[in-house]
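Since the structure comes first, as structure tokens, the remarks are kept for the end.
The values are calculated or read from the model by the stated rules, or taken from the named source; none is laboratory data. Keep in mind the model is a prediction, meaning the values are calculated, not measured. Backbone-built Cβ (ideal geometry, glycine too); neighbour counts: all protein chains shown. Note: accessible area is taken over every heavy atom of the protein model, side chains too, but ligands, DNA and RNA are not part of it. Shrake-Rupley method; radii C 1.70, N 1.55, O 1.52, S 1.80 Å.
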Amino acid sequence: MLSVLMLCSSWPLLAQQLQQSRIQMHNGDILTGRIISQTDSAVTLQTVYHSAMVLNRKDIQHIQPVNTVQSGNTTQPVDNKQQTAQQTAMAAPATDWSLEFDVSASNRYGKQDASLFNLVSSAEYRQGSWRSALDLNYDYELKEQAAKTHQYKISPAIDYYLQQRLFWRLTSDYQYNYLAADYKNIDLSTGPGYAVLQQPQLQLDLTLMTGLKRASFRDTEPLRNLLANTSLSYHFVATEWDFNYQLSQWPLEIYSQGNLLKLLNQPLSYLHFNYELLSNAGLRYRLSDRVRLSWSYEYNLTDLEAFLPKQQSVSFDIKDLRQKLSIGASF
């Protein structure tokens, strides 16, 4: 009799431990398992075929408790009050928006004094089959008390999902450089994208774009002798990638983003811009659910070819390498 009473008293706890939940992801995946823990930004799920996995709350569409609890070969109905309580606790709606920003600042003293300030911000909003994003990037660098870099970039984008993995993207880039001769660049591009990898801890998106680039040059005396107009238009094709991998056993995240752009026309007969590569890769270490430290390596390359009168063409590359340590937050 005592054992029966103990079993009856422990049944609600046993039912809660065995309670299965069905998680619907924004990408269409459905995961079933037992929720071990959850916070405002992450849900830890234990499945029968996988070790405990950590899901980003922003990637979850909704969480639904399974209406039965299985014990051995029998199936017991879950009490309505228990189900309501669990649904209230576990089915907190996933946010449709996200915001991230990283700040980096440094000073270096020695043979060459240098100061650097960089701000990167990214906002994203999802609604049904639509996804919109806005990226901001600001760079300011001093070397020997003289400004070496001073620029900002604004990049809005809209994606429409034609299928679970296939989407169409429309994006624009506006870049203003206070120091370069080509002080203003405006890009407008569109094209299809595909989620090659679409798992809770591993994502890879590839996008093929085509578009128009318009570069504006400063009206200075050397440029007047070279350019018939202070603005030039280029047609281009580009391949973009966005990779993200979150380790399951460590609060560590590996990421890489980039763009390989190939020009289709050359407005200047004596100077050809062949291709441009913008890439970065790095690590993020989460200090908490929201705060993280980031290390990144940026590599940019522009391939040029000059055609001088009565001489062979001359090829030269413009490279920019940078390592950066920053602190940021996500919401």
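Considering the convex hull of the alpha carbon atoms of region 233-293, report its projected area averaged over all viewing directions, in nm², one decimal.
Seen from a random direction, the Cα hull of region 233-293 projects 5.8 nm² on average.
Of all trypsin sites (Lys or Arg not before Pro) in region 290-331, which ones are in loop regions per DSSP and have a Cβ with at most 15 other Cβ atoms within 10 Å?
290, 310
Suppose every K and R has +1 on its Cβ and every D and E has -1 on its Cβ; what is the size of the dipole of region 97-181 about the Cα centre, in Debye to the nearest 20?
Roughly 180 debye for region 97-181.
Please compute the contact order of region 179-280 in relative form: average sequence separation of alpha-carbon pairs under 8 Å and at least six residues apart, divided by the residue count, as a percent.
22
Between residue 22 and residue 180, what's the calculated FRET efficiency when r is the beta-carbon distance and R0 is 45 Å? Round to 0.05.
0.25
May I ask for log10 I(q)/I(0) of region 197-303 at q = 0.17 Å⁻¹, from a Debye sum over the Cα atoms as equal point scatterers with solvent left out?
-0.88
Express in nm, to one decimal, how much length is gained between residue 32 and residue 231 on full extension, taking 0.36 nm for each residue of separation and deducting their alpha carbon distance.
Gain in length upon complete extension: 66.0 nm.
Roughly to the nearest percent, how much of the accessible area of region 238-331 is carbon and sulfur, given a 1.4 Å probe?
Carbon and sulfur atoms account for 60 percent of the accessible area of region 238-331.
Can you list which of the trypsin sites (Lys or Arg not before Pro) found in region 106-155 are DSSP loop residues with at most 13 other C-beta atoms within 10 Å?
111
To the nearest 0.05, what FRET efficiency results for residue 136 and residue 44 with a Förster distance of 35 Å applied to their C-beta separation?
The value I calculate is 0.65.
Please check which bits of region 166-197 a label hung off residue 241 would reach, taking the label as a point 7 Å along Cα-to-C-beta and the cut-off as backbone N under 15 Å.
Label zone hits: 194-197.
Roll a 1.4 Å probe over the protein chains and send me the accessible area per residue for region 178-329 in Å².
58
Using a 7 Å offset from the Cα along the Cα-to-Cβ direction at both residue 219 and residue 289, what is the distance between the two label points in nm, to one decimal?
The modelled label-to-label distance comes out at 5.6 nm.
Students often get this wrong, so check it: of 58/262; 143/184; 58/148; 143/262; 148/213; 58/213, which have C-alpha atoms separated by over 27 Å?
The pairs that break the limit, which is 27 Å between Cα atoms, are 58/262; 58/148; 143/262; 58/213.
Name the residues of region 252-268 whose amide N is less than 16 Å from a point 7 angstrom out from the Cα of residue 313 along the C-beta direction?
Zone members listed by number: 262-268.
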